[in-house]
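J.: Please read through the structure below; I'll follow up with questions.
The values are calculated or read from the model by the stated rules, or taken from the named source; none is laboratory data. Not measured: the values here are computed from a predicted model. Counting neighbours? That spans all protein chains shown, and the Cβs are built from the backbone with ideal geometry, glycine included. Just the protein is used for accessible areas: all its heavy atoms, side chains included, with ligands, DNA and RNA removed. Shrake-Rupley method; radii C 1.70, N 1.55, O 1.52, S 1.80 Å.
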Amino acid sequence: MPLNKAFEGREFAAAPPYEVTAESIREFADAIGDRNPLYRDEAAAKEAGYEAIIAPPTYLTKLNFIYSAEMMLDPNLGLNYALVVHGEQEYEYRRPVKAGDVLIATPKIAAITAKGRNELLVTEAVIRTADGEQVAVARSTIVSRGTAPQEG
Amino acid sequence: MGARIAAKDLTQGQELPSWSYRVVREDLVRYANASGDGNPIHQNEEFAKSVGLPDVIAHGMHTMGRMGEYVTDWAGDPGAVERFKTRFSAMVVVPAQGGNTVTVAGTVAEKLEGDRVRLDLVATTQDGASVAKGEAIVALA
């Protein structure tokens, strides 16, 4: 079953605020094996000119599981999770995420396109602090295997 | 802080030193817990095989995370990364015995205005398969 093209361009309500803790940054950095002291030592982060411990660039993937659920699970979109693969991920950063940030992601479905037998679902989320400062934009391309409309 | 690499010292086409890491099953369990991606294809061999995969596979975002480390360690400042994109082209298969070894290599693809560069990145597994291609725009000194 092809995805529902009517969802292209659809914006979704902002996700619940996500509070970035120093512990969660350290845990994430440990999980990717990144020993950078800026991710775990407040004194090192301050010495480097940051207000607090900062997060690795891909830490924002944690938010993805919060804001994409509503989009992906909408039964009218027709996405079968068993057929899904992560095709591409892109981030644009205004500044690094830091401990103490309260982040709010506003997601949308940017595009739904067919590519061969597969469909590509592009989601885009603008990530701002609770004060409205834009921190990053996250773009994900999800491959829906074998669901492209059949020609002829 | 700022980057420790100066843009003026780089030339277009220049290759950066490559870097390798080993990934084993325990890394994927830790990554699943820290990232919130609990998909069993990354942890459970029986499940992974039941959905047609050769074995447990690494999370794409685990690979991208390690590629990010390659870029931030090279630049000297995680805050120097303005844009970071990765396309996942093949699976990183992680067998119970020995895991897999991934090599990340980078090239200065383009010098941009304002002491910024665009790097092309590629991650390759030990059998020579290219598993991810990335691109990063980094503000340098």
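J.: Could you list, in sequence order, the residues of region A:109-138 that are in contact (Cβ under 8 Å) with a residue 40 or more places away in the chain and open to solvent by 60 Å² or more (accessible area, probe 1.4 Å)?
T.: A:ALA114, A:ALA130
J.: Shifting gears a bit: Among B:PRO40, B:PRO78, B:PRO95, which is the only one that is out of contact with any Lys or Arg (no Cβ under 6 Å at 6 or more places or on another chain), modelled with pLDDT of 95 or more and under 26 Å from A:TYR67 (Cα atoms)? Explain how you work it out, then say what you get.
T.: On the way: B:PRO40 fails: modelled with pLDDT of 95 or more; B:PRO95 fails: under 26 Å from A:TYR67 (Cα atoms).
Criteria check complete, one pass: B:PRO78.
J.: Which residue is most open to solvent (accessible area, probe 1.4 Å), if the candidates are limited to region B:54-79 and must be part of a loop (DSSP other than H, G, I, E, B) and either closer than 14 Å to B:ASN100 by Cβ or facing another protein chain (nearest Cβ under 9 Å) (or both)? Even if it seems obvious, please write down each step before you answer.
T.: Our first condition is that a residue be part of a loop (DSSP other than H, G, I, E, B); within region B:54-79, this holds for B:54-56, B:58-59, B:76-77.
Now narrow it down to the ones that are either closer than 14 Å to B:ASN100 by Cβ or facing another protein chain (nearest Cβ under 9 Å) (or both): B:54-56, B:58-59, B:77.
Numbers: B:PRO54: 74, B:ASP55: 19, B:VAL56: 0, B:ALA58: 10, B:HIS59: 3, B:ASP77: 7 Å².
Looking at the filtered set, the residue picked out is B:PRO54.
J.: Can you tell me which of (1) within 22 Å of A:THR141 (Cα to Cα); (2) within 11 Å of chain A (Cβ to nearest Cβ) is the one B:VAL93 doesn't meet?
T.: The number of the failed condition is (2).
J.: Are any of the residues in region B:20-36 more than 7 Å from chain A (Cβ to nearest Cβ), at pLDDT 95 or above and over 20 Å from the mean Cα position of the chain (by Cα)?
T.: no
J.: Then there's this: For region A:55-103, give me each residue that is part of a strand (DSSP E or B), touching a residue at least 60 places away in the same chain (Cβ under 8 Å), open to solvent by 10 Å² or more (accessible area, probe 1.4 Å) and touching a helix residue (DSSP H, G or I) at 6+ places or on another chain (Cβ under 9 Å).
T.: Start the filter on region A:55-103 by keeping residues that are part of a strand (DSSP E or B), which leaves A:84-93, A:98, A:102-103.
Remaining after also requiring touching a residue at least 60 places away in the same chain (Cβ under 8 Å): A:84-85, A:98, A:102-103.
This time we only want the ones that are open to solvent by 10 Å² or more (accessible area, probe 1.4 Å), so: A:84-85, A:98, A:102.
Those that are part of a strand (DSSP E or B), touching a residue at least 60 places away in the same chain (Cβ under 8 Å), open to solvent by 10 Å² or more (accessible area, probe 1.4 Å) and touching a helix residue (DSSP H, G or I) at 6+ places or on another chain (Cβ under 9 Å): A:VAL84, A:VAL85, A:LYS98.
J.: Still on this structure: Residue check, B:THR86 against (1) more than 11 Å from chain A (Cβ to nearest Cβ); (2) outside any loop (DSSP other than H, G, I, E, B), all met but one. Which one?
T.: The one condition B:THR86 does not meet is (1).
J.: Taking region B:54-91, which residues are closer than 26 Å to A:VAL85 by Cβ and of a type in the set (A, V, I, L, M, F, W, C)?
T.: If the condition is that a residue be closer than 26 Å to A:VAL85 by Cβ and of a type in the set (A, V, I, L, M, F, W, C), then B:VAL56, B:ILE57, B:ALA58, B:MET61, B:MET64, B:MET67, B:VAL71, B:VAL81, B:PHE84, B:PHE88, B:ALA90, B:MET91 are the ones that fit.
Matching residues to (1) farther than 16 Å from A:GLU124 by Cα; (2) within 13 Å of chain B (Cβ to nearest Cβ):
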position	(1), (2)
A:GLU42	yes, no
A:ALA55	yes, yes
A:TYR67	no, yes
A:GLY78	yes, no
A:ALA82	yes, yes
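J.: Taking only region A:7-52 into account, find how many residues are closer than 30 Å to A:ILE109 by Cα, part of a helix (DSSP H, G or I) and touching a residue at least 40 places away in the same chain (Cβ under 8 Å).
T.: 2
J.: Can you pull out every residue in region A:104-126 that is farther than 18 Å from B:GLY60 by Cα, of a type outside the set (D, E, K, R) and away from chain B (no Cβ under 14 Å)?
T.: A:ILE104, A:THR106, A:PRO107, A:ILE109, A:ALA110, A:ALA111, A:ILE112, A:THR113, A:ALA114, A:GLY116, A:ALA125, A:VAL126
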